[in-house]
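Note sheet for the following structure.
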Amino acid sequence: MKPIFLGMLVAIISPALRSAGQGAFQNLDFESAKIVPNNQPSLLAVGIALPGWTMQFGSAQQSQINYDDESLGSTAVTLIGSNDPYGVNCIEGNFGVILQGGVTALDASISQTGLVPAGTMSIQFKAVLDPSQGPVLLSLGGENITFYAIATGPVLNSPNYTLYGANISALAGTVQELKFTVPSALQGFGADNGLNLDSIVFSPNPVPEPATWSLLLCSASLLAINRRKHPSGLHRFSLTPASAQRNSHQSQKLSRAQRSKPVHHQPPQNSHPIPPSKSRQGRPTLAQPFMAGSKFLTNQVPQGRKKFPSGTTAHPLAQRFSLTPNFSWGKNVARAYKKRF
């Protein structure tokens, strides 16, 4: 019983001990090179130029790396500086790395093993690459990870860089191998397939995927279109009775200049104006349209008719109508008024 228990305990504790014993990733920005930038092409030991990294051509590990001397066709990895007036410059800082697929090996790669920080949501890096020449592979824990473009920025004497990112939250707190690989022409890709790499970071922020960006852009476009169609935002909602809404499509054909002009409505031809001598304060006449809160309300009403309810400023029938850009409302109001009285 005891041997089984001890075996289970070892199996549980061993991964944790390996994680604790394994250090964090180092030199992710390539600034730890133990040389003085001088823009003089040379050949350096990998341990001096790329501390913490391993360099390979295909499956063969390499011990030397070019400095400020990019390849013209061979598979190569080069440490580059920031002030080369003739060659490619690093994206930021004093040093960066170029991987070139070339034609002499299956691929060029750099890698290192370390502990992915706890709470990491994504890995991000700045790079200049040409997808038309071939792919660039990013792997973590032996599995290729799809990365997405996030932003862009300028590089001295070089094409603009792109900030890329990939979500890796499932690997946070574990020991993994980080590897960047550029396949060569021997795998059917372009001989100029290359990668200018710099500023690798493990970020606590997730990377928006293309579907999320597309949804945000689509929403913004719809809002912009809707705002152009309805700049004031006042006539998108209507409480007009159905009889008035049937004629509203005609008012929508009017231009904005025509909509802004005041409209003077005429009473129906068959209406009978009430003589002034038979009117008193409190009701509007048939000759004047009325609406809730409108300045067209008057104090002239026929004698013997019912007064407004106390505290109201408009006829109850007028409260059924709203301020809608429908120029047929005056006729409908007059008809409703005639039926009631």
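Read-outs throughout are calculated quantities, based only on the coordinates presented, and are distinct from any laboratory measurement. No experiment lies behind these values; they were computed from the predicted model shown. Using ideal geometry, Cβ is built from the backbone for each residue, glycine included, and neighbour counts are taken over all protein chains shown.
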Inter-label distance for ASN205 and ALA24, nm, one decimal - labels placed 7 Å from Cα along Cα-to-Cβ: 1.9 nm
Equivalent ellipsoid, region 48-91 (semi-axes from 5 times Cα gyration tensor eigenvalues, Å): 20, 14, 7
At q = 0.11, 0.15 Å⁻¹, base-10 log of I(q)/I(0) for region 107-192 (Debye sum, equal scatterers on each alpha carbon): -0.35, -0.64
